[in-house]
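J.: Quick one: the structure is below, questions incoming.
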Amino acid sequence: MSFITTNDGVKIYYEERGYGKPLVLIHGWACSGRFFVRNIDVLAQYFQVINMDLRGHGKSDKPSWGYRISRMAKDVKDLIEALNLNEVNLLGWSMGAAIIWSYIDLFGNEHLDKIILVDQSPRQYYAADWRWGQPWCYDAETLAVLSTQLRYDPEGTARATVAACLTDKPTPKQESFFIKEIVKCPAWIQATIMADHTHLDWRDLLPHITLPTLVIVGRKSKVFPWEGSAYVGEHIPGAKTVFFEKSGHMPFYEEAEKFNRVVKEFIS
């Protein structure tokens, strides 16, 4: 098993496969790098794929501090620098996209070549000027409900998360696989991260992103209205947006063959 140590002493787990241009995969909230099970081997035929577990998730350390989007962006930078990577392609799914936005906000384009943003709205809360919020965590009250559910029924909340991420009902084998990965992230960590993540609004940053950008939108997503994720591509200059008509929040899993092809063509 491979780990790097961040500047605040946290061990971050990663797997590395393939050769070529570096491609760092950043998973979503409460998940792990194993969610990319249908992508890693294919993409590693063309790129140096680095698949990480964020702090508090998967096989990475679970310290008592640091569960903010900005700190996890620094963890990504620490990983890139520990592995001596340059001209890196960052792929962020869901909260992973917000981590990429935070990286750019804090460090500019340092070490980066291109970015891929998968099914993430720039704002989760509803507002007078934003109607594409996250349907089950869209204000302070619903955040409090989610935190309570995590405290008293973490496995049930994980099951609901899996159901929300997929278009069709998962098979028992799929559900078991994903739930086992989700519960590796303790419920209190999930709640702490969401309390930071869900308050952020990245709309002001999008017009200032200068990196070549691919935006991937799941047309059937239950986690965000597709219009919110599509907004990202509309407001980053020169961004390319690709819709996955048969997918929900996990197009890399539900339409893996198309996803791998689109990512390969964009990076190449």
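J.: Name every residue in segment 106-146 that is surrounded by fewer than 17 Cβ atoms within 10 Å (Cβ to Cβ) and part of a helix (DSSP H, G or I), in order of residue number.
T.: Correct list: Leu106, Phe107, Ala140, Glu141, Ala144, Val145.
J.: Give the residues of segment 18-39 that are buried (at least 21 other Cβ atoms within 10 Å of the Cβ) and free of Cβ contacts under 8 Å to residues at least 60 places away in the same chain, sorted by residue number.
T.: Selection gives Gly33 alone.
J.: Checking the conditions here, which among Asp113, Asp119 is of a type outside the set (A, V, I, L, M), on the phi > 0 side of the Ramachandran plot and touching a strand residue (DSSP E or B) at 6+ places or on another chain (Cβ under 7 Å)?
T.: From the options Asp113, Asp119, the qualifying one is Asp119.
J.: Please go through segment 168-192 and pick out each residue that is of a type in the set (S, T, N, Q) and touching a residue at least 60 places away in the same chain (Cβ under 8 Å).
T.: Within segment 168-192, Gln190, Thr192 meet the criteria.
J.: Kindly indicate which of Thr167, Thr161, Thr157 is polar (S, T, N, Q), assigned to a helix (DSSP H, G or I), over 16 Å from Leu117 (Cα atoms) and over 16 Å from the mean Cα position of the chain (by Cα).
T.: Exactly one of Thr167, Thr161, Thr157 is polar (S, T, N, Q), assigned to a helix (DSSP H, G or I), over 16 Å from Leu117 (Cα atoms) and over 16 Å from the mean Cα position of the chain (by Cα), namely Thr157.
J.: Search segment 86-103 for residues that are over 12 Å from Val76 (Cβ atoms) and pair each with any residue that is acidic (Asp, Glu) when their beta-carbon atoms are under 7 Å apart and the residues are at least 6 apart or on different chains.
T.: Glu87/Asp113; Asn89/Asp113; Trp93/Asp119; Ser94/Asp119
J.: Could you please find all residues in segment 114-154 being acidic (Asp, Glu) and within 18 Å of the chain's Cα centre (by Cα)?
T.: Once the filter is applied, which keeps residues that are acidic (Asp, Glu) and within 18 Å of the chain's Cα centre (by Cα), segment 114-154 yields only Asp119.
J.: Moving on. Considering only segment 210-228, I want to know if a residue exists there that is touching a residue at least 40 places away in the same chain (Cβ under 8 Å), in a helix (DSSP H, G or I) and closer than 27 Å to Ala127 by Cβ.
T.: yes
J.: What residue, among those in segment 171-195 that are assigned to a loop (DSSP other than H, G, I, E, B) and in contact with a Ser or Thr (Cβ under 9 Å, 6 or more places away or on another chain), is surrounded by the fewest Cβ atoms within 10 Å (Cβ to Cβ)?
T.: Lys184
J.: Suppose the filter is polar (S, T, N, Q) and either in a loop (DSSP other than H, G, I, E, B) or at pLDDT below 95 (or both); does Asn51 pass it?
T.: no
J.: Please work out if Leu91 is at pLDDT 95 or above, under 25 Å from Phe252 (Cα atoms) and part of a strand (DSSP E or B).
T.: So Leu91 fits the description; yes.
The values are calculated or read from the model by the stated rules, or taken from the named source; none is laboratory data. Remember, predicted model here, so these are calculated numbers, not experimental data. As a convention, Cβ positions derive from the backbone with ideal geometry for all residues, glycine included, and neighbour counts pool all protein chains shown.
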